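Just below is one structure, and these are the notes that go with it.
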Amino acid sequence: MKIAVVSGANRGLGKEVVRQLARKGMRVILTSRTESGKEVAQAFQDQRLDVVYHQLDVADGQSIDELVDYLREEFGTIDILVNNAGIHYDTYQDTLTADFGIVEEAFRVNTLGPWRLSKALYPLLRKGGGGRIVNVSSSSGSFVESWPGTPAYAITKAGLNMLTVKMAADMAEDQILVNAVCPGWVRTEMGGQEAPRSVEEGAGSIVWAALIPDDGPTAGFFKDGEPVKW
């Protein structure tokens, strides 16, 4: 049985990614910063889906270490990591009005969080004989497709995209495929109800990257299985 870890999975895209992976017969570790994830995991268990909860704050090194210890003791290896946790879609500021407290928090969660978590879980992915890392990014982090505003979010997602390229190269010999995915503008708490895409559609784009075959792409940026311009 394959084991997947999903960060920021108590609601929205992360929650739906957990659902879709579990329905494909995987054991999924649903993680979230708040304890609300425990109730979400229990609801999935009530549906006979193999989902367990563990607390995780990707901006807290001790929290990451505790998750790693748990996974090592309980499972020994993992197969999939979905770096989904993200914050501060800051439409209310630009580079000249930005609150640097918000910018720095966005970096800690959106860029350094996936970096820390991926590095910490790398031994478990390698031990499993390969694996998949999916970094949930955004076209706002693309130099080609981005738009004015949302400086904290866009710049930290651009950093996440570069992390994807660098990490894919560093893990290539271990057959760990690392890709970034833009789920699109999705009807979540962050995206708003006017967004054109459903949560199921956005999550499906992420799950595609989590399930690519061994000869699939790495170091890429995708939406719905198709390349996105960097």
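Laboratory data are not the source of any read-out in this text; all were calculated from the coordinates shown. Because the structure is predicted, anything quoted here is derived from the model rather than measured. Reconstructed Cβ throughout: ideal geometry from the backbone, glycine too, with neighbour counts over all protein chains shown.
The stretch 113-230: Rg/Rh from Cα coordinates, Kirkwood Rh? Each step should come with its number before you reach the end.
On the way: Rg = 14.3 Å, Rh = 14.6 Å.
Radius of gyration over Kirkwood radius for the stretch 113-230 works out to 0.98.
Given Cα positions, please report Rg to Rh for the stretch 1-120, the hydrodynamic radius being the Kirkwood one.
Over the Cα atoms of the stretch 1-120, Rg/Rh equals 1.02.
Compute the long axis of helix 199-210 from its Cα atoms, compare it with the longest principal axis of the Cα atoms of the chain, and write down the angle in degrees, 0 to 90, nearest 10.
Helix 199-210 sits roughly 60 degrees off the main axis of the chain.
Within a 10 angstrom radius of the beta carbon, how do 139, 205 rank from fewest other beta carbons to most? Let's see the in-between values first.
Details: 139 19, 205 23.
Fewest-to-most Cβ neighbours within 10 Å comes out as 139, 205.
So for the pair residue 120, residue 46, with labels modelled 7 Å out along Cα→Cβ, what separation do we get in nm?
It is 3.0 nm.
Quick one: net charge around residue 85, please, counting Lys, Arg +1 and Asp, Glu -1 for every other residue with C-beta under 13 Å from its C-beta. Show your work: numbers first, answer last.
Values: positive: 11, 15, 33, 108, 116, 157; negative: 57, 60, 105.
It works out to a net charge of +3.
Say a site is exposed when it is one of the GluC sites (Glu not before Pro), sits in a DSSP loop, and has at most 15 other Cβ atoms within 10 Å; what is then the longest site-free stretch of the chain? Can you show the working numbers first?
On the way: sites that count: 35, 145, 189, 194.
The longest uninterrupted stretch comes out as 36-144.
With Cβ to Cβ distances under 14 Å as the rule, what net charge do the other residues near residue 50 carry (K, R +1; D, E -1)? Provide the component values of the computation, followed by the final result.
Values: positive: 2, 19, 23, 24, 27, 48; negative: 46, 74, 79.
Around residue 50, the surrounding residues sum to +3.
Output needed: percent of Cα pairs per 10 Å distance bin for the stretch 66-178, bins running from 0 to the one holding the longest distance.
15, 40, 28, 14, 3
Pick from 80, 206, 64: which is most flexible by mean-square fluctuation in a GNM of the chain where alpha carbon atoms under 10 Å apart are linked?
Residue with maximal mean-square fluctuation among 80, 206, 64: 64.
Under the 0.36 nm per residue contour assumption, what length would be gained going from the current alpha-carbon distance of residue 219 and residue 173 to full extension? List each step's numbers first, then the result.
Values: separation 46, 0.36 × 46 = 16.56 nm, distance 1.33 nm.
That works out to 15.2 nm of additional length.
Cα-based Rg (one decimal) and Dmax (whole number) for the stretch 3-227, in Å?
Gyration radius and largest Cα-Cα distance of the stretch 3-227: 16.3, 50 Å.
Among DSSP beta bridges lying fully in the chain, give the percent that are antiparallel, nearest 5. Each step should come with its number before you reach the end.
On the way: 2 of 27 bridges.
Just about 5 percent of them are antiparallel.
Rounded to the nearest 10 degrees, what's the angle between the helix 61-74 long axis and the longest principal axis of the chain, both from Cα atoms, 0 to 90?
Helix 61-74 sits at roughly 30 degrees to that axis.
Compute log10 of I(q)/I(0) for the stretch 81-124 with the Debye formula, placing one identical point scatterer on every Cα and leaving out solvent, at q = 0.17 Å⁻¹, to two decimals.
-0.53
Kindly put 88, 54 in sequence by how many other C-beta atoms sit within 10 Å of each C-beta, fewest to most.
On the way: 88 21, 54 18.
Neighbour counts put them in this order, fewest first: 54, 88.
Do any trypsin sites (Lys or Arg not before Pro) in the stretch 125-230 lie in a DSSP loop with no more than 13 other beta carbon atoms within 10 Å, and if so, which?
On the way: sites: 126, 127, 132, 157, 166, 187, 197, 223, 229; in loops: 187, 229.
Taking the stretch 125-230 and a limit of 13 other Cβ atoms within 10 Å, the loop trypsin sites (Lys or Arg not before Pro) found are 229.
Taking amide H atoms as placed 1.01 Å from N in the peptide plane, list the residues 5 or more away in sequence, or in a different chain, whose amide H sits under 5 Å from that of residue 220.
180
Using the Karplus curve 6.51 cos²θ - 1.76 cosθ + 1.60 with θ = phi - 60°, work out ³J(HN,Hα) for each residue of the stretch 224-230 in order, rounded to whole Hz, and write x for Gly and Pro.
For the stretch 224-230, the Karplus-derived couplings read 6, x, 10, x, 10, 5, 5 Hz, x marking Gly and Pro.
Quick one: helix 12-23 against the long Cα principal axis of the chain, what's the angle to the nearest 10°, folded into 0 to 90?
Between the helix axis and the principal axis of the chain, the angle is about 30 degrees.
Calculate the all-directions average of the projected area of the stretch 1-71's alpha-carbon convex hull, and give it in nm². List each step's numbers first, then the result.
On the way: hull surface 17.2 nm².
Result: a mean projected hull area of 4.3 nm².
What residue among 159, 113, 14 has the largest mean-square fluctuation in a Gaussian network model of the chain, using Cα springs under 10 Å?
In this elastic network of the chain, the residue with the biggest mean-square fluctuation among 159, 113, 14 is 159.
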